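Working notes, beginning with the structure itself.
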């Protein structure tokens with residue numbers, strides 16, 4: 001098909017459609033739906049542009065770990081700019097009016113960008129898993145070139161996954177759906193290849209990695225709390241009472257141990273000599289009782305001090321528990337948003353393309369498609385809102401700190 005002839009025809013089609021659009025009044029539900037989808041596309045564009053700008057202009061965010069976040073924002077921005085507007089027009093017209101060439105380009109961008117967005121989430125999970133389980137070694141390998149290579153791998157895999165279904169649709173010669181822009185094929189191999197590569201394998205990888213990330217973070221918190229407990233124990237047992245043990249007899253973890261409380265002099269409890277008078281024995285007995293009271297009061301003060309230190313020490317696990325809950329809630333948001341947005345769409349794809357008698361309405365197909373698009377709006381919020389550096393950068397950009 002000649003591109004210039006097609007362009008002229010497309011403009012003619014659009015002008016005639018526009019004339020008919022003016023004469024036919026749209027229902028209120030269609031208008032509200034169009035406004036809602038347009039707001040989603042606008043917000044997706046705004047937030048992803050905000051993330052990209054924040055990383056570009058903030059020196060503190062120039063870190064290889066944020067390059068994947070920036071690439072994810074670019075991918076979601078492409079979804080908002082190149083995919084969502086055409087989908088809104090498609091839903092509004094209830095048929096494809098922009099020709100076969102634009103349909104092929106739109107489907108290519110749609111499948112490639114959505115697949116790339118999903119694979120970015122899997123790559124971010126891999127990056128975070130390596131950073132928390134092999135922090136010292138991976139910090140040396142976590143360079144800008146390595147992050148760029150990871151981004152290139154994600155885009156390459158996205159193209160390889162999205163290309164075969166498009167090629168099959170291009171050569172199928174299906175004439176029943178000439179006024180629609182969809183991919184229809186009834187081969188199990190294409191369905192499994194596209195759905196497994198674009199969603200199910202990344203989903204399994206994300207679930208496994210984030211579970212390991214949570215367990216590794218939990219282990220790190222427990223080790224830190226155990227280390228703090230050991231230091232507090234050493235301070236309580238080693239610094240409150242001076243030690244009289246030599247260095248060789250000290251405890252391996254806490255240093256010199258404090259000796260047992262020294263009892264009053266043995267002479268005080270020895271049998272009185274025959275030379276002592278009763279008055280002397282009475283004075284000696286009073287001194288012994290006084291020394292016992294002093295010793296008991298000192299021992300009571302030391303015990304109360306150690307109890308207070310132990311009570312402060314038990315605040316550590318509560319702090320650790322709050323951190324674990326925060327980490328678990330963050331991971332839950334990431335996984336939950338991803339599953340809720342994309343799982344229904346890919347379940348529908350498997351059912352419709354493998355069951356000849358199964359079908360869905362256009363309204364349900366559009367709803368599930370836009371539910372997946374919604375993930376491009378949620379991604380920049382989830383992956384940046386819990387980072388203080390991003391929040392400060394956003395405040396400086398929008399100059400509205402009391403809203404963030």
**Q.** Residue ranges of helices (runs of 4 or more DSSP H) in the stretch 66-152 with at least 3 members surrounded by fewer than 20 Cβ atoms within 10 Å (Cβ to Cβ) and without any contact (Cβ under 8 Å) to a residue 24 or more places away in the chain
**A.** 135-141
Q. For residue 60, all conditions in the list (1) in contact with a helix residue (DSSP H, G or I) (Cβ under 6 Å, 6 or more places away or on another chain); (2) at pLDDT below 95; (3) surrounded by 15 or more Cβ atoms within 10 Å (Cβ to Cβ) hold save one; what is the number of the exception?
A. (3)
Q: Inspect all residues belonging to the stretch 354-365 and state whether any of them is in a helix (DSSP H, G or I), modelled with pLDDT under 85 and more than 18 Å from residue 210 (Cα to Cα).
A: yes
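Kindly evaluate residue 377 against the criterion of being buried (at least 19 other Cβ atoms within 10 Å of the Cβ), at pLDDT 90 or above and in a helix (DSSP H, G or I). I'd like the intermediate steps shown before the answer.
Details: buried (at least 19 other Cβ atoms within 10 Å of the Cβ): yes; at pLDDT 90 or above: yes; in a helix (DSSP H, G or I): yes.
For residue 377, the condition - buried (at least 19 other Cβ atoms within 10 Å of the Cβ), at pLDDT 90 or above and in a helix (DSSP H, G or I) - is met.
The values are calculated or read from the model by the stated rules, or taken from the named source; none is laboratory data. Here the structure is a predicted model, which is why all the values come from computation and not from measurement. Every residue, glycine as well, gets a Cβ built from its backbone with ideal geometry; the counts of neighbours run over all protein chains shown.
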